[in-house]
Amino acid sequence: NEYALLLTDDEQHLKINFGKNKNFISDLFLDKPIEPQTAGQRRLKEAYNYTTDRAKAVVAIGGESLIKKWVDTLKRLEIIAFEASSTGKAIRLFQTVNDRGMPLSVMDKAKALLMSYSNQYLDAELDDQINEAFGVCFNIYDGIREFARRDGFLINNLARDRFSEDYIMRYHYLSYSYVDVQNGAEYDAPARFIFDSFLKKTLENFAKVDRKKLKEFISDYVA
């Protein structure tokens, strides 16, 4: 029926694109026994369970007519789609519309900066590599946070609220080395310093001198 089409992806009724989690969501909607593999999937499952529990409560209160009214209300919500011709442009668009949302982390800004150089100087050649590498980093961060808070595995330094994905950028800076680049020189450097004084200046210098070296540096850095 029409209410079953709210979250389908058949090119006619696309409402939400779940990206890499598309198969997970599909199995979830079909009530297949599936275990989340990432923190994002766990949050999706929690949201799905909350929604199904809410739907059951609505039915218990007012039956089929009330659940239809509830679904019709949900259908009036609008999802605004912003289309971009490339990943790099999508990142810049995200920064613009996110201006009134959650503050971007330094890691978010680093990804956007690398995307910008890939688009401006390298014809977007490294967009996919940058996007994939940072996606892995964010997934690893979520996994570390969850592991560090488990009973019997508590790691105080990682369980504290101050520990963010920016720390991964700092650890990377301390261990990373690249020819013609001075790295890891400031042991106590915060992520903001690494972004401004290391990454941004290094990209600027390579862009002025040699685009081939710029490409090699970006590829090596995100790898």
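Residue-by-condition table, conditions (1) free of Cβ contacts under 8 Å to residues at least 24 places away in the same chain; (2) more than 17 Å from Tyr121 (Cβ to Cβ); (3) open to solvent by 70 Å² or more (accessible area, probe 1.4 Å):
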residue: Ile168; (1), (2), (3): no, yes, no
residue: Tyr176; (1), (2), (3): no, yes, no
residue: Lys200; (1), (2), (3): no, no, no
residue: Lys212; (1), (2), (3): yes, no, yes
residue: Phe217; (1), (2), (3): no, no, no
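Could you list, in sequence order, the residues of segment 35-51 that are under 20 Å from Ile140 (Cα atoms) and exposed (fewer than 11 other Cβ atoms within 10 Å of the Cβ)?
Matches in segment 35-51: Glu35 only.
Return yes when Ala207 is over 20 Å from Glu125 (Cβ atoms), open to solvent by less than 30 Å² (accessible area, probe 1.4 Å), touching a helix residue (DSSP H, G or I) at 6+ places or on another chain (Cβ under 8 Å) and among the small types (Gly, Ala, Ser) and no when it is not.
The answer is no for Ala207.
List every residue pair whose Cβ atoms lie under 7 Å apart, where the two residues are 6 or more positions apart in sequence or sit on different chains, the first residue falls within segment 119-146 and is among the β-branched types (Val, Ile, Thr), and the second residue, located anywhere, is in a helix (DSSP H, G or I).
Ile130/Lys111; Ile130/Leu114; Ile130/Met115; Ile130/Ser118; Ile130/Val222; Ile144/Leu158
With the checklist (1) within 13 Å of Val222 (Cβ to Cβ); (2) open to solvent by less than 20 Å² (accessible area, probe 1.4 Å) in hand, flag the one item Val136 doesn't pass.
If we test Val136 against (1) within 13 Å of Val222 (Cβ to Cβ); (2) open to solvent by less than 20 Å² (accessible area, probe 1.4 Å), just (2) comes out false.
Scan (1) of a type in the set (Ser, Thr, Tyr); (2) modelled with pLDDT under 75; (3) buried (at least 18 other Cβ atoms within 10 Å of the Cβ) for the single condition Tyr141 breaks and write down its number.
All conditions are met except number (2).
Can you tell which of Tyr117, Tyr171 is in a helix (DSSP H, G or I), within 27 Å of Thr38 (Cβ to Cβ), hydroxyl-bearing (Ser, Thr, Tyr) and within 20 Å of the chain's Cα centre (by Cα)?
The unique qualifying residue is Tyr171.
Which ones in segment 58-70 are free of Cβ contacts under 8 Å to residues at least 40 places away in the same chain and surrounded by 11 or more Cβ atoms within 10 Å (Cβ to Cβ)?
Val58, Val59, Gly62, Leu66, Ile67, Lys69, Trp70
Identify, from the list Lys22, Lys56, Lys69, Lys32, the residue that is closer than 30 Å to Cys137 by Cβ, not acidic (Asp, Glu) and not in a loop (DSSP other than H, G, I, E, B).
Residue meeting the stated conditions: Lys22.
Pull up segment 148-193, narrow it to residues that are modelled with pLDDT under 80 and aromatic (Phe, Trp, Tyr), then point me to the one that is farthest from Lys213 (Cα to Cα).
Among residues in segment 148-193 that are modelled with pLDDT under 80 and aromatic (Phe, Trp, Tyr), the one farthest from Lys213 (Cα to Cα) is Phe153.
The values are calculated or read from the model by the stated rules, or taken from the named source; none is laboratory data. Note that the coordinates shown come from a computational prediction; the quantities given were computed from them, not determined experimentally. Glycine gets a Cβ as well: all are built from the backbone with ideal geometry, and neighbour counts include every protein chain shown. Surface accessibility is based on the protein's heavy atoms, side chains included, excluding ligands, DNA and RNA. Shrake-Rupley method; radii C 1.70, N 1.55, O 1.52, S 1.80 Å.
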